[in-house]
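The values are calculated or read from the model by the stated rules, or taken from the named source; none is laboratory data. Owing to the predicted nature of the structure, the values given are computational and were not obtained by experimental measurement. Cβ atoms come from the backbone with ideal geometry, glycine included; neighbour counts cover every protein chain shown.
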Amino acid sequence: MTFASVVIQLLNGLAAASSLFLVSAGLSLIFGVTRIVNFAHGSLYMLGLYGAYSLIEALGRTPLGFWSAVILAALAVGLVGVAIELVVLRRIYRAPELFQLLATFAIVLVIKDVALAVWGSEDLVGPRAPGLSFPVEILDRRIPAYDLLLIVIGPVVLALMWLLLARTRWGALARAATQDREMVGALGVDQAKLFTSVFFVGAVLAGLGGALQIPREPANLEIDLSVIADAFVVTVVGGLGSLGGAFLAAVLIGVAKAFCIGFGFSKLTLVVEFVIMGLVLVMRPYGLLGKPPAMARAVGEPAPPLQPPRRWAVGAWLVLFALVPLLGDRYVTVLMTDITCFALFAVSLHFIMGPAGMVSFGHAAYFGLGAYAGALLFKKAGLPMELALVLAPFVAGLFAVVYGWFCVRLSGVYLAMLTLAFAQISWSIVFQWDELTAGSNGLVGVWPSMWLSGKPAYYYLTLALCGAGVALLWRALFSPFGYVLRAGRDSPLRAEAIGIDLRAFQWAAFVLAGTMAGLAGVVFAFSKGSISPSSVSIAQSTDGLVMVLLGGVETLSGPVVGAALFTWLRDTLARETDYWRAALGLMILLIVVVFPQGLVGGLKALYARWRPA
Amino acid sequence: MLTRNRLLAGVSALVAASFALPAAAQDTIKLGELNSYKVFAAFLEPYKKGWELAVEEVNAAGGVLGKKIEIVSRDDNGNPADAVRVAEELLSREKVAFLIGTFPSNVGLAVADFAKQRKTLFIAAEPLTDKIVWDNGNAYTFRLRTSTYMQTAMLIPDAAKLKKKRWAIVYPNYEYGQSATAAFKKLLKEKQPDVEFVAEQAPPLGKIDAGAVAQALADAKPDAIFSSLFGSDLAKFVREGSQRGLFKGVEVFDLLGGEPEYLDPLKDEAPVGWYVTGYPWYGIKTPEHQKFLDAYQAKYKDYPRLGSVVGYSVVMSAVAAIKKAGSLDQEKLVAAMAGLSHSTPFGTITYRTLDHQSTMGAYVGRVGLKDGKGIMTDWRFVDGKDALPSDAEVKKMRPAN
């Protein structure tokens, strides 16, 4: 690369960083004040794009029309954010941590289908920015004038946000709430209003980030999820709640991507941001400019101790499950095989996320790596299917040994994001290593041995293996090992004070959960006959989270019920309606609002209330 | 207001609906269709309209084997695991005769392997991957659409004629883009041994950083560019590339750029002069296309996209196979598919016995502008059978079974 192209790629990176910064700043602000991981932030960005497109068509392709459309679209998205806060989130602030994630996930589904219904499926290419569509010559190379303007807009918004936060009363309250939200409440500040206004500002930033992209990016329905991943990364690399950090991280990632392309390593752009995030988190556990979070006071009551399962109940359920193939409907057996695999996947996630207090956003890594390990041992190493099935979970466990060693050194959302980084790095290797994993196509021909080829036979195998996995994890929870994990979650200080090497226990928990997820993965792979990179993807990890939260993170059987309900709902709704995503989203929202402790938690509470005294 | 009782009633209804066995309807032949309707909506909405039209026409003409046909369609969520599950549901619960559909390569390959396992006919409608009929080909799988290799081969004569030495390549980083690039390099090198490939960019699908990519390509000073971008990646690349002067004095080829699905969103920015394959529905005057076009426009008040032709044709293939087999027995159906010929809006196609690939062709031409919209100009139809490698080469790639 010549000097001139280095300069131009630097400018490209800075231009790309601008929108990324806007959307991440909103995410960071919302998280800082409300502690909500807003999964729907990418959807707000997408609405900004679509809104700007429609408004420009309505107001005319003039400079005035363009800029008023951008501003109006951002404000309109702000109102959508307010609506989300008022209608949904306000009802569930007291729910267990991360439960709001489930609600925002449902909102993503709804917004996607609404956008499809309103704007149609075809990409909408907006106009170039009127008055700024000319290229500027720099060092004999041309760069669009609009890109240069974007480079300026980023820092300007950063400065405005700084003024707003540092020089206004609202800003003082928002900063105070970021540091100590209970104290702000205790001092008589109306938290409801503060949260609503913070949501408005955050959503406006997301909408603005989207609207400003209209000359560079067609409005399309895939943009929401691709933006949200980037925004999470930027927010965490910068340090949660730090706007300056978010700006720095956006620039770092934007420029790194541009240089990857400039130096001819374009394939790296798939993963470079996650590599950066991994490195940053390993070296600086709170991001570039983040501070260790203030010691959180318990929000509400600590999670009640888990109830050990009643033996007769488990036995009764097992008998019922065993009867499924006798129904005579082959498809129910197939669906139950899926559900059983996902149940173990969800239980293994719950194992580290609930009782051990380590949330993983990248649990699919172990599910998918277990599946790939089984498929490769079977196809490439030529092992018998049964042996591959037995060995594969340990391969997933080995990865958990390595990844877990780094992850247990962090806590909270930082830990969750480091698991995501490892999962994405694993995904990109699986996706690109054509010789070994067959790349994006995945491996096919991964069928079980003859004696297992019948659906009922394979279902019984699944039931036995996944049932054993669940039993092992549940047993562990009620052993001293499980009590240590809970002690570490509820009071790390005291646990360490009595001489427990907490990290070692958490690491062991991580490895056990990873191995079990790998077991679920390999059983799943052989039931489908094929395995593709989507089993290692963010979507698979998110599905796991949704299952656990849907069922209830504070209950033992919640993850199983959540896995069954989610898998079954998706299967059924997709058959009944074209807009199955919106339907699924609305169903989840309904459950979220009616049962803020998850389905099983909610039913238990109902039972406790109605039970004759 | 939603009360708990109503909620309960709704949920029970759903439960009942999902477990109830569908009433056996013996007077129709059911075909199982699965596709990624939500993930690739822009391409698959017109596709669905296409097959709906075909079903209507077939049934108006009395159906096949004296029965009406019915399509049971499912969304596979763009995910191979989900696809295998819904395929299983179609076969075991809906009792469909056989399977058609799918769009992305990985889903197509997974369902093809499933079809082999279940010994069931599968007509892959949309997947472009060469592997589905070659490296991973199997006895039960047939593919309708012109493949990546075929479309690339159709562009080679024009590319070789230009005698450009320095080529740059840009492609989405997954199966389709990788195969297109590999095929293009191999075929061009054969025709023009002195060709040099000076730059290669593989941005992630749907996430191209177009400014940086355009700049990196320009730095390599190519004489010509081969792109297999489509969708929003293509739109971004066209805009950034033209603003940055990348295309000045450079010949550009884009594999799917002439398909209305991808050309129309560009509106007046359609890249004039690019060499593309696509579907100039406004200009094709053959009687079989005219009939299809009239019927489509009458039914939908909209013009067909390429996906519409594929959706329409795959149903025609299925019906022709049933007619020829005279039964719904899988082995007879598969035997009927081999060498099956029937008419489509693009003329008569034949499913080759050799590799189960249909000879459906494509239109090759250059992008032009008319009334502020992109169109294809100077186009010609290339029959699919003329764009395939020699039988010996195919035999070498395809496993014997």
From the list A:56, A:30, A:36, pick out the single residue that is of a type in the set (A, V, I, L, M) and under 27 Å from residue A:125 (Cβ atoms).
-> A:56
In the range A:558-604, what residues are among the small types (Gly, Ala, Ser), touching a residue at least 40 places away in the same chain (Cβ under 8 Å) and in contact with an Asp or Glu (Cβ under 7 Å, 6 or more places away or on another chain)?
-> A:582, A:601
Within the range A:498-528, residues crowded, with 23+ Cβ neighbours inside 10 Å and of a type in the set (Gly, Ala, Ser) come out as A:509, A:513, A:514, A:517, A:518, A:520, A:521, A:525, A:527
Within the range B:200-215, of all residues that are more than 7 Å from chain A (Cβ to nearest Cβ) and surrounded by fewer than 24 Cβ atoms within 10 Å (Cβ to Cβ), the one nearest to residue A:16 (Cα to Cα) is B:205
Residue B:136, sole failed condition from (1) assigned to a loop (DSSP other than H, G, I, E, B); (2) among the polar types (S, T, N, Q); (3) touching a strand residue (DSSP E or B) at 6+ places or on another chain (Cβ under 6 Å) = (3)
Assess whether residue A:61 counts as being within 14 Å of chain B (Cβ to nearest Cβ), over 24 Å from residue A:242 (Cα atoms), surrounded by fewer than 23 Cβ atoms within 10 Å (Cβ to Cβ) and at pLDDT below 95.
-> yes
Of everything in the range B:60-85 that's more than 8 Å from chain A (Cβ to nearest Cβ) and in a helix (DSSP H, G or I), which residue is farthest from residue B:141 (Cα to Cα)?
-> B:60
Working only within the range A:440-460, note down all residues that are in a helix (DSSP H, G or I) and either in contact with a Pro (Cβ under 8 Å, 6 or more places away or on another chain) or of a type in the set (D, E, K, R) (or both).
-> A:440, A:455, A:456, A:458, A:459, A:460
Can you tell which of A:519, A:512, A:463, A:472 is farther than 30 Å from residue A:105 by Cα and either of a type in the set (S, T, N, Q) or part of a helix (DSSP H, G or I) (or both)?
-> A:472
Of all residues in the range B:54-75, count the ones that are surrounded by fewer than 17 Cβ atoms within 10 Å (Cβ to Cβ) and at positive phi.
-> 3
Restricted to the range B:248-276, and to residues that are within 12 Å of another protein chain (Cβ to nearest Cβ) and over 19 Å from residue B:172 (Cβ atoms), which residue is nearest to the chain's Cα centre (by Cα)?
-> B:260
Just a yes or no: is a residue in the range A:257-273 part of a loop (DSSP other than H, G, I, E, B), under 22 Å from the mean Cα position of the chain (by Cα) and buried (at least 23 other Cβ atoms within 10 Å of the Cβ)?
-> no
Taking residue B:126 as meeting all but one of (1) assigned to a loop (DSSP other than H, G, I, E, B); (2) within 14 Å of another protein chain (Cβ to nearest Cβ); (3) of a type in the set (Asp, Glu), write down the number of the exception.
-> (2)
Return a yes/no flag: does the range A:411-426 have any residue that is farther than 30 Å from residue A:315 by Cβ, buried (at least 19 other Cβ atoms within 10 Å of the Cβ) and within 14 Å of chain B (Cβ to nearest Cβ).
-> yes
List pairs: first in the range A:426-443 and within 12 Å of residue B:131 (Cβ to Cβ), second buried (at least 22 other Cβ atoms within 10 Å of the Cβ) and among the charged types (D, E, K, R), Cβ under 6 Å, 6+ apart or cross-chain?
-> A:440/B:175; A:441/B:175
When every residue in the range A:313-360 that is crowded, with 24+ Cβ neighbours inside 10 Å and among the aromatic types (Phe, Trp, Tyr) is compared, the one nearest to residue A:571 (Cα to Cα) is A:342
Is at least one residue of the range A:20-38 within 14 Å of chain B (Cβ to nearest Cβ), in contact with a helix residue (DSSP H, G or I) (Cβ under 6 Å, 6 or more places away or on another chain) and either assigned to a helix (DSSP H, G or I) or under 30 Å from residue A:190 (Cβ atoms) (or both)?
-> yes
Please find, among A:536, A:511, A:444, the residue that is modelled with pLDDT of 95 or more and either of a type in the set (Val, Ile, Thr) or touching a His at 6+ places or on another chain (Cβ under 6 Å) (or both).
-> A:511
Taking the range A:309-331 and keeping only residues that are touching a residue at least 60 places away in the same chain (Cβ under 8 Å) and either within 14 Å of chain B (Cβ to nearest Cβ) or within 24 Å of residue A:476 (Cβ to Cβ) (or both), one is left with A:309, A:318, A:321, A:324, A:325, A:330
Using beta carbons and a limit of 8 Å, which pairs, at least six apart or on different chains, have the first residue in the range B:217-240 and within 11 Å of another protein chain (Cβ to nearest Cβ) and closer than 22 Å to residue B:187 by Cα and the second one outside any strand (DSSP E or B) and hydroxyl-bearing (Ser, Thr, Tyr)?
-> B:230/B:262
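Residues are listed down the side, and each one gets a yes or a no for (1) within 21 Å of residue B:43 (Cα to Cα); (2) assigned by TED's automatic domain parsing to the domain that holds residue B:72; (3) in contact (Cβ under 8 Å) with a residue 60 or more places away in the chain:
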{"residue": "B:109", "(1), (2), (3)": "yes, yes, no"}
{"residue": "B:117", "(1), (2), (3)": "no, yes, no"}
{"residue": "B:124", "(1), (2), (3)": "yes, yes, no"}
{"residue": "B:137", "(1), (2), (3)": "no, yes, yes"}
Given the range A:72-187, what helices (runs of 4 or more DSSP H) lie entirely inside it while holding 1 or more residues that are within 14 Å of chain B (Cβ to nearest Cβ)?
-> A:99-119, A:145-167
When you scan the range B:297-401 for helices (runs of 4 or more DSSP H) that lie fully inside it, which ones turn up with 1 or more residues that are loosely packed, with under 13 Cβ neighbours inside 10 Å and not aromatic (Phe, Trp, Tyr)?
-> B:391-397
Can you find even one residue in the range B:224-241 that is among the small types (Gly, Ala, Ser), modelled with pLDDT under 95 and more than 28 Å from residue A:50 (Cα to Cα)?
-> no
For residue B:10, are the conditions met, namely being at positive phi and either within 10 Å of chain A (Cβ to nearest Cβ) or at pLDDT below 95 (or both)?
-> no
Residue A:484 assigned by TED's automatic domain parsing to the domain that holds residue A:364, of a type in the set (Val, Ile, Thr), in contact with a Phe, Trp or Tyr (Cβ under 9 Å, 6 or more places away or on another chain) and not in a helix (DSSP H, G or I) = no
For the range A:65-97, the count of residues that are among the charged types (D, E, K, R) and touching a Gly at 6+ places or on another chain (Cβ under 8 Å) equals 1
